[in-house]
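The values are calculated or read from the model by the stated rules, or taken from the named source; none is laboratory data. Everything quoted here is computed from the prediction, not taken from an experiment. When we count neighbours, we look across all protein chains shown, and the Cβ atoms used for this are built from the backbone with ideal geometry, even at glycine. For the accessible areas, the whole protein counts, side chains as well, though only heavy atoms, and no ligand, DNA or RNA atoms are used. Shrake-Rupley method; radii C 1.70, N 1.55, O 1.52, S 1.80 Å.
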Amino acid sequence: MSSLKYPATQRRLRASSQIRELTASVHLSHKSFIQPLFVNEKNKVRTPLTGLEGIYAETIDSVLRSIKQDIEHGVTKFLLFPVPENKVNVDFDFSFASRVVSAIKSEFGEAIWLASDLCVCSYTTHGHCGILNSDHTRLLNDPSVEVLVNYAEQLALAGVDCIAPSDMMDGRIGAIRARLNEINLDLVSIMSYSAKFSSQWYGPFRDACNSAPNSHTIKDRKTYQMSPFNVEDAISSSLRDELEGADILMVKPAGLYTDVIASLKQYSSKPLAAYHVSGEYAAIESMVQQGYMNREAAHLEVWTALVRSGANMIISYASRNAKEWIEKKLYY
Ligand code: PBG
Ligand code: ZN
């Protein structure tokens with residue numbers, strides 16, 4: 001008679017990579033990944049971005065080459081951040097952004113899905129995501145929305161597939177949806193940064209886009225981005241954006257807010273995007289450089305957490321590696 005010392009053992013299911021693969025209930029696919037792209041008007045050649053290993057401030061020519069390479073690596077979805085050379089607070093000129101979108105879409109057409117971030121923080125002298133009053137003490141919601149709607153129209157006319165408003169004003173989703181419909185571009189979709197928290201984790205991005213708030217009067221984005229202490233705001237704002245016509249909702253940052261992804265999944269049937277932001281990416285890269293982590297396994301572990309919590313798609317600075325890393329099955 002064999003004695004079952006540990007009848008309830010679970011370790012049999014962990015015993016080999018075969019059984020770990022067989023019992024996996026989370027599956028990653030490179031098809032759910034979106035690669036961010038920065039194109040900076042002032043750059044004559046593409047330049048590496050500090051903190052963001054493998055990511056460049058591209059020129060129009062270089063971004064076309066990068067996308068071609070990315071397609072070869074199985075990446076076909078992109079989130080564009082156009083960075084203009086000149087800063088103004090009125091009479092915004094969105095022509096550089098339009099030129100980038102139109103160059104990309106005329107080169108690659110239906111072979112890619114191109115979303116563009118929609119915000120003015122890299123356009124304004126003060127680095128805020130909207131229009132300020134004359135003494136720079138308040139952010140003006142409706143005048144900001146008006147500018148964003150015009151920007152969205154320019155991007156849509158240039159051929160973008162999706163508008164991704166990251167400004168956090170009230171009413172912008174409805175206003176953008178209405179304008180797109182008015183100009184018969186009703187198939188251009190909207191991915192709303194619907195649960196975007198005021199966060200310490202956007203640092204490398206703000207360097208890359210030259211978009212850090214630098215006003216002496218309003219020093220942070222707390223009056224328009226969400227408080228990490230108020231999860232209900234993330235849910236109501238996301239549901240509000242859904243009602244206003246958002247096609248995709250987003251949680252950002254992703255890794256620290258998987259609870260928000262999981263709740264939102266319960267409340268909404270819209271597809272959810274999880275944005276693993278610049279600081280989260282840079283934190284991994286710096287741990288890797290110090291020898292504390294395996295780069296591939298670290299990113300795969302984060303992505304798994306995002307899918308487990310309910311994300312349908314992932315915006316990651318390492319998206320261009322997703323196919324290769326997932327195929328290696330390193331994580332089983
Ligand atoms: C602009 C914008 C930001 C990010 C995306 N769009 C920065 C911010 O709100 O300050 C952050 C992305 C990242 O850190 O990777 N509104
Ligand atoms: Zn902004």
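Results, tabulated for the structure shown:
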read-out: Test result for residue 47, closer than 25 Å to residue 74 by Cα and out of contact with any helix residue (DSSP H, G or I) (no Cβ under 9 Å at 6 or more places or on another chain); value: yes
read-out: Elements of type strands (runs of 3 or more DSSP E) contained in region 50-159, each with 2 or more residues being basic (Lys, Arg) and either open to solvent by 20 Å² or more (accessible area, probe 1.4 Å) or more than 15 Å from ligand 1 (Cβ to nearest atom) (or both); value: none
read-out: Those residues of region 161-181 which are open to solvent by less than 10 Å² (accessible area, probe 1.4 Å) and not charged (D, E, K, R), in sequence order; value: 162, 163, 164, 165, 166, 169, 173, 176, 180
read-out: Per-region count, region 130-153, residues of a type outside the set (Ser, Thr, Tyr), within 15 Å of ligand 2 (Cβ to nearest atom), in contact (Cβ under 8 Å) with a residue 40 or more places away in the chain and more than 12 Å from residue 215 (Cα to Cα); value: 3
read-out: Of residues in region 12-33 being open to solvent by less than 40 Å² (accessible area, probe 1.4 Å) and not in a loop (DSSP other than H, G, I, E, B), the one nearest to residue 271 (Cα to Cα); value: 32
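Conditions tested, residue by residue: (1) within 30 Å of residue 309 (Cα to Cα); (2) of a type in the set (A, V, I, L, M, F, W, C); (3) more than 16 Å from ligand 2 (Cβ to nearest atom).
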| site | (1), (2), (3) |
| --- | --- |
| 23 | yes, no, yes |
| 30 | yes, no, yes |
| 38 | yes, yes, no |
| 54 | yes, no, yes |
| 77 | yes, no, yes |
| 91 | no, no, yes |
| 101 | no, yes, yes |
| 112 | yes, yes, yes |
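Let's see how each residue does on (1) of a type in the set (Asp, Glu); (2) without any contact (Cβ under 8 Å) to a residue 40 or more places away in the chain:
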| residue | (1), (2) |
| --- | --- |
| 24 | no, no |
| 29 | no, no |
| 41 | yes, no |
| 59 | no, yes |
| 77 | no, no |
| 84 | no, no |
| 92 | no, no |
| 108 | no, no |
